[in-house]
1. Check Leu155: other-chain or 5+ apart residues with amide H under 5 Å from its amide H, H built from backbone geometry?
2. So how far apart, in nm, are the two label points at Lys189 and Leu19 if each is 7 Å from Cα heading toward Cβ?
3. What ³J(HN,Hα) values, in whole Hz, does the Karplus curve 6.51 cos²θ - 1.76 cosθ + 1.60 give for the range 182-199 when θ = phi - 60°, with x put for Gly and Pro?
4. Within the range 180-236, list the trypsin sites (Lys or Arg not before Pro) lying in a DSSP loop whose Cβ has at most 16 other Cβ atoms in a 10 Å radius.
5. Return the sequence-ordered ³J(HN,Hα) values of the range 107-118 in whole Hz as given by the Karplus equation 6.51 cos²θ - 1.76 cosθ + 1.60 applied to θ = phi - 60°, using x for Gly and Pro.
6. Distance check, please: which entries in Lys108/Lys159; Lys15/Lys189; Lys145/Lys236; Lys108/Lys141; Lys97/Lys189; Lys112/Lys145 exceed 32 angstrom between their Cα atoms?
7. Ranked by Cβ crowding within 10 angstrom, fewest neighbours first, how are Val59, Val91 ordered?
8. Would you grab the residues whose amide H sits under 5 Å from the one on Tyr146? Only those 5+ places off in sequence or on another chain, please, with H modelled 1.01 Å from N.
Amino acid sequence: MFIVHIYTKDRVFRKLLELSFLQFSRKFEIKSFFFDCEERIFKNHLNPTDLELKPHLLVIDLDLNENFNAIQLAQTIRNYHFNPNLEFIIVSDNIEKLISGMQLRPLKALNKNLNSQAFITELHSIFEHSIFFNDYFIPIKFKDKYMVLHTNEILAITKEKEILSQKKIVFHTQKESYLTNGNLSDFAKNLRFPFFLIHRSIIINLRFVSYFDSKTVTLSNDATFPISRSKRIYLKKLYSNDFSLNI
């Protein structure tokens, strides 16, 4: 699920975004949350009630109110999420505000005065870029739509038997497992630490290792996977006192 947080009081702009999300949901699983005051924004991020509400992308309306401090907002949100490089879009109908907002290094600055279709087209382009070109989450095709998984919620990726000559892999999370088309070797090449290939058909996230022995690795959800001898030796070194593990 692709989570977007939007900070705006502009009802017209909100309607436009809701239309955009509706269109975008035909291709991607997307969920949006709207916040119309700074108090609700900071309360949500400083005291999150559900970790699943952590956003993949923020949309910040610089016209929220006259005293709105977008810099403080961006810094606060980044500090309270696992991703210090959390991307966001700034929007305004005031060119000077957009220019000033560039010091925040947003993914994009959008003028709300664009015609509706041009704005939606631009927004969809940004969404797709954010989904496919970000190391912090992985888009997977599941039941005819793209789902977006945070890399820190993926416990393991395993190879499954081919179905009708199509290569299949399973993404395992704490709550669910997702079967999708894919080549495990491609993920083994492209995924960075803390993902680790422990077997020719299994990648695990080292953040979730509970314990391991000479033959298996057990993760935090009690799932157990076989481990090759050479990988077990490496894993033992990785968790030894002589090896600095920083994850």
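1. His172, Thr173, Gln174
2. Between Lys189 and Leu19, the simple spin-label model gives 4.3 nm.
3. Going residue by residue, I get x, 10, 4, 4, 5, 5, 4, 6, 9, 6, 9, 3, x, 7, 8, 7, 9, 7 Hz, with x marking Gly and Pro.
4. Passing sites in the range 180-236 are Arg192, Arg200, Lys215.
5. 5, 7, 10, 10, 8, 5, 7, 4, 5, 3, 5, 5
6. Cα-Cα > 32 Å for Lys108/Lys159; Lys15/Lys189; Lys145/Lys236; Lys97/Lys189; rest within.
7. The order, fewest Cβ neighbours first, is Val59, Val91.
8. For Tyr146, whose amide H was placed from the backbone, the distant partners under 5 Å are Phe28, Glu29.
Every read-out reported here was derived from the displayed coordinates using simple, explicitly stated rules and does not represent laboratory data. From a predicted model like this one, the values you see are computed outputs, not experimental measurements. Don't worry about glycine lacking a Cβ; one is built from the backbone with ideal geometry, like all the others, and counts go over all protein chains shown.
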